[in-house]
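Notes for the one structure printed next.
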Amino acid sequence: MQRPELLNEQEASRLIGISRSELKRHTQQRTFGLRPKFCTRNECFYDPNILRDFQRNLTAQKAAESLFGSS
């Protein structure tokens, strides 16, 4: 099985459609288990498959909040 290429923070935020600051916040809070594969001193790198799972969960949460209101 081929390993996916890792994405830096800019590429990751572009892939899932959020800002880099939102990505960092979700990473710090471990929202939906979002974790980087590894971090250097200046930047974190993400697995695209994990980012897609995170995006699906975030989209579902936003849809639920719009239907049922935020708690």
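The values are calculated or read from the model by the stated rules, or taken from the named source; none is laboratory data. Note that this is a predicted model, so its numbers are computed, not measured. As a convention, Cβ positions derive from the backbone with ideal geometry for all residues, glycine included, and neighbour counts pool all protein chains shown. Heavy atoms of the whole protein, side chains included, go into the accessibility calculation; ligands, DNA and RNA do not. Shrake-Rupley method; radii C 1.70, N 1.55, O 1.52, S 1.80 Å.
Report Rg/Rh for the chain, rounded to two decimals, where Rg is the Cα radius of gyration and Rh the Kirkwood radius. Please report the intermediate quantities before stating the final value.
Numbers: Rg = 12.9 Å, Rh = 12.8 Å.
Reported Rg/Rh, Kirkwood definition of Rh: 1.01.
At most 14 other Cβ atoms within 10 Å and a DSSP loop assignment: could you name the trypsin sites (Lys or Arg not before Pro) in the stretch 1-57 that fit? Kindly include the intermediate steps, with their values, before the conclusion.
On the way: sites: Arg14, Arg20, Lys24, Arg25, Arg30, Lys37, Arg41, Arg52, Arg56; in loops: Arg30, Lys37, Arg41.
Sparse-neighbourhood loop trypsin sites (Lys or Arg not before Pro): Arg30, Lys37, Arg41.
Tell me which GluC sites (Glu not before Pro) from the chain have a DSSP coil assignment and no more than 14 other beta carbons within 10 Å of their own. If you can, show how the numbers build up before the last one.
Values: sites: Glu5, Glu9, Glu11, Glu22, Glu43, Glu65; in loops: Glu5, Glu43.
Passing sites in the chain are Glu5, Glu43.
Among Ile16, Cys39, Gln61, whose Cα sits farthest toward the positive end of the charge dipole of the chain (+1 at Cβ of Lys/Arg, -1 at Cβ of Asp/Glu, about the Cα centre)?
So the residue furthest toward the plus end is Cys39.
Using alpha carbons only, how many degrees (0 to 90, rounded to 10) separate the axis of helix 20-29 from the longest principal axis of the chain?
Roughly 80 degrees, rounded to the nearest 10.
Give me the percent of the accessible area of the chain that comes from carbon and sulfur atoms, probe 1.4 Å, all protein chains in place. Present the calculation step by step, with values, prior to reporting the outcome.
Numbers: 2520 of 5320 Å².
Accessible surface attributable to carbon and sulfur in the chain totals 47 percent.
In deg cm²/dmol, rounded to 500, what helix-only [θ] at 222 nm does the chain give when every DSSP H run of at least 4 residues adds -39500 (n - 2.57) and the total is split over its residues?
Details: 3 runs with 39 residues, N = 71.
Here the helix-only value at 222 nm equals -17500 deg cm²/dmol.
Could you work out the relative contact order of the chain? I mean the mean sequence separation of Cα pairs under 8 Å and 6+ apart, divided by the number of residues, in percent. Walk me through the intermediate numbers first.
On the way: 60 pairs, mean separation 24.4, N = 71.
Reported as a whole number, the value is 34 percent.
At 1.4 Å probe size, with every protein chain present, just tell me what the per residue accessible area of the chain comes to in Å².
Working: 5320 Å² over 71 residues.
Computed with neighbouring chains in place, this is 75 Å² per residue.
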